[in-house]
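No value in this document is a laboratory result; all are computed from the given coordinates. Please read all numbers here as calculations on a predicted model, not as lab measurements. Every residue, glycine among them, receives a Cβ derived from its backbone with ideal geometry; neighbour counts consider all protein chains shown.
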Amino acid sequence: MVLLAPNYQAGRDALAGFKRTYKGEVVAEIYTKLDQSDFSVEMARVRSLAPDAVYQFHPGGAGINFAKQYANSGLNKTVPMLMPAFSMDGRMLAASGASAEGFYTVGMWSTEMDNPQSRAFVKAFTETYGRKPTDYGMQAYDTALLIGSALKAVNGDLSKGDAFRAALLKADFQSLRGKFRFNHNQHPIQDYYLMRIERSGNEFVPKVVRKVVSDDQDAYAGQCKL
Amino acid sequence: MALLFEQLLNGLQFGAMLFMLASGLTLIFGIMGVINLTHGSFYMVGAYCGAFALGHTNSFAAGVVAALAGAALYGLLVEFAVIRRLYKRDHLYQVLATFGLILFTNEAVSMIFGRQPPMVEIPAFLDGTVPLAPGFRYPLMRLAFIVVGALVALGLWFLINRTRVGMLVRAGADDREMVDALGIDIQKLYSVVFGLGALLCGLAGVMAAPLLAVEIGMGERVLITTFVVIVIGGVGSVRGAMAGALLVGMVDSLGRAYFPQLLGAMLSPEVADMLAAGLVSASVYVLMALVLIFRPKGLLG
């Protein structure tokens, strides 16, 4: 593997997280500049290292640049690219177009997720806003559902603070991502999926390949005193 | 060996892009005495206009025309509406006003074109890679970038050394009061120079659009490096901008390519990683400091 991320805290965290569970060999870790928009130099280096795959974390505009230039350099045909869903969200996918085809992402949700509540959400969102929802949209919607479920449990009476908090922790709602519950440290326990960017009509979408982790909890849950 | 050659080409391509931006900026600074932070915004406006035309007509030529026209017209508008009032003022006023224009332009562009970065595909005739040596292929779009940069350099050389406008530009860079005193309409010259600078930004914008994300704030990312280029090259000199752009392009690309390996061979991996990442980010500024120590007015200033 070759790992790439911008040289700032989130980038370093992303690579540290990858290395925590990855058992294979990491040939090189390349830190790009935070404001970098051209990655030709790094791509030449990846080509010379000829790894089995590349993992990169570049959210926002930098990620669009990375995807377009990766495809333009021809590397997408020889070295598969993996990334967290933040490195290729729905808006970035629309801006990258065919360049992103064949890339793999990992996340807790995709617009192509096959459950009734997610399908209904994607349909309604697309009709209202004329574009596909992003993961962030999904999270906001889930959050509203969560708060709604707790409000229902206390009949809208927010003076019952403790009862409201207890109801929140139960997470009694149908999450768009399928399974969702809270851990003892109040972080979510949820499943993660591998997606592959594929053509669907005129656009490109992250198709779910398979579930990669069931009931994942965060790495520090064991140390939490809560 | 092939890798070094490829990294040199990458440096050349980055240099070509910086030259298109810096040549206009250095003329504006050198001739008009205006510090123009809006220069990066012209680049963004060009990229957006190019992406818009390309998306609606599917013709790269239309995209180029739209980018050039959009950036140049916006440049002239900015010169007419704002810069014209600031020639006689202190540099600080110019910095404030053009910084405000950056914010204004970003907001205006997101209102007109939306916040979603538009998709720009590489035109079919520039798509893919070409073999330059056995076993070595280079993206055609990047080669085209280098060629366009070279053509711009040639064109500017001709314009500045062989035409009447160029003569005035050279005279203006040396002594603008004297040009004015000799009865030349300096205002018209300023407009031409400013429009030309914006036009070159538009060209850089539309050439970069298929390779980079066309997004709000893309101009600010290149702005600082562009200023570094003109300071290294010497303010007011297009040849200096060319030398500075190539130097910065090469140092940045080769630094990113070889610093991590070089340090990795000498130091422990953790230390080398941190140090290399820092050095890579700072390399062009170290270069600027070195140049200024030995030539305080820049290489060709």
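Side notes on the structure shown:
- Ascending count of other beta-carbon atoms within 10 Å, so fewest first, for B:I102, B:I293, A:I64, B:I112: B:I293, B:I112, B:I102, A:I64
- Electrostatic tally near A:K207: other residues with Cβ closer than 9 Å to its Cβ, Lys and Arg +1, Asp and Glu -1, net -1.
- Among the listed pairs A:K33/A:K207; A:K179/A:K211; B:K88/B:K297, those beyond 19 Å (Cα-Cα): A:K33/A:K207; B:K88/B:K297
- For B:N161, net neighbour charge (Lys/Arg +1, Asp/Glu -1) across residues whose Cβ lies under 13 Å away: +4
- Applying 0.36 nm per residue to the separation of A:R199 and A:L49 and subtracting their alpha-carbon distance, the gain on full extension is 51.0 nm.
- With θ taken as phi - 60° and the Karplus curve 6.51 cos²θ - 1.76 cosθ + 1.60 applied, the whole-hertz 3J(HN,Hα) list for the range A:165-180 is 4, 4, 5, 4, 5, 5, 6, 8, 8, 8, 5, 5, 8, x, 6, 7 Hz, x standing for glycine and proline.
- Exposure proxy ranking, count of Cβ atoms within 10 Å, fewest first, for A:S214, B:S59, A:S73, B:S283: A:S214, B:S59, B:S283, A:S73
- Label zone of A:D114 (point 7 Å out along Cα→Cβ, amide N under 13 Å): in the range A:196-210 this covers A:207-210.
- Long-range amide H partners of A:D216 with built H, under 5 Å: A:Q190, A:D191, A:Y192
- Note on chain B: GNM, Cα springs under 10 Å; of B:I35, B:I146, B:I224, the largest mean-square fluctuation is that of B:I224.
- Normalised by the number of residues in the range B:1-64, the average gap of Cα pairs under 8 Å and 6 or more apart makes the relative contact order 17 percent.
- Distance in nm between pseudo-label sites at A:V209 and B:D90 (7 Å out along the Cβ direction from Cα): 6.1
- Local net charge near A:G63, Cβ-Cβ under 12 Å (Lys/Arg +1, Asp/Glu -1): 0
- Helical runs assigned H by DSSP (4 residues or longer) give chain B a calculated mean residue ellipticity at 222 nm of -25500 deg cm²/dmol, each run adding -39500 (n - 2.57) before division by the residue total.
- Tail fraction, Cα-Cα pairs, the protein assembly as shown, threshold 30 Å, whole percent: 55
- Across chain B, C-alpha contacts under 8 Å between residues 6 or more apart give a mean separation that, scaled by the residue count, equals a relative contact order of 35 percent.
- Reciprocal mean inverse distance between Cα atoms of chain B - Kirkwood radius, Å: 20.1
- Each residue of the range B:9-26 is assigned a 3J(HN,Hα), and the resulting list reads 4, 4, x, 4, 5, 4, x, 4, 5, 4, 5, 4, 7, 6, 4, x, 5, 5 Hz, derived from the Karplus form 6.51 cos²θ - 1.76 cosθ + 1.60 (θ = phi - 60°), x at Gly and Pro.
- Inter-chain shielding of A:67-75 (mean C-beta neighbours from other protein chains, 10 Å cut-off): 5
- Using 0.36 nm per residue and subtracting the Cα-Cα separation, the extra length available between B:E220 and B:A61 on full extension is 54.6 nm.
- When A:C224, B:C49, B:C201 are arranged by Cβ crowding within 10 Å, least crowded first, meaning fewest neighbours, the order is A:C224, B:C49, B:C201.
- Entry note, chain A: the mean residue ellipticity at 222 nm calculated from DSSP H runs of n ≥ 4, each adding -39500 (n - 2.57), is -11500 deg cm²/dmol after division by the residues and rounding to the nearest 500.
- For residues of B:229-237, the mean tally of beta carbons on other chains within 10 Å: 0
- Helix axis angle, B:238-266 relative to chain B longest principal axis, alpha carbon, degrees: 20
- Most mobile listed residue (A:K179, A:K160, A:K211) in chain A, GNM with C-alpha springs under 10 Å: A:K160
- Packing rank of A:135-142, B:116-123, B:13-20, where each peptide gets the mean count of other beta carbons within 10 Å, highest leading: B:13-20, B:116-123, A:135-142
- Distant-in-sequence amide contacts of B:L300, defined by a placed amide H-H separation under 5 Å and a gap of 5 or more residues or a different chain, comprise B:G234.
- Chain A, relative contact order [Cα under 8 Å, separation at least 6], %: 16
- Across the range B:38-44, rounded Karplus estimates of 3J(HN,Hα) from the backbone phi angles (6.51 cos²θ - 1.76 cosθ + 1.60, θ = phi - 60°) give 6, 4, x, 5, 4, 4, 5 Hz, Gly and Pro being marked x.
- Nearest 10 degrees, 0 to 90: helix A:9-21 Cα axis against chain A principal axis: 90
- Highest-MSF residue in chain A out of A:N115, A:N155, A:N72 [GNM, Cα springs under 10 Å]: A:N155
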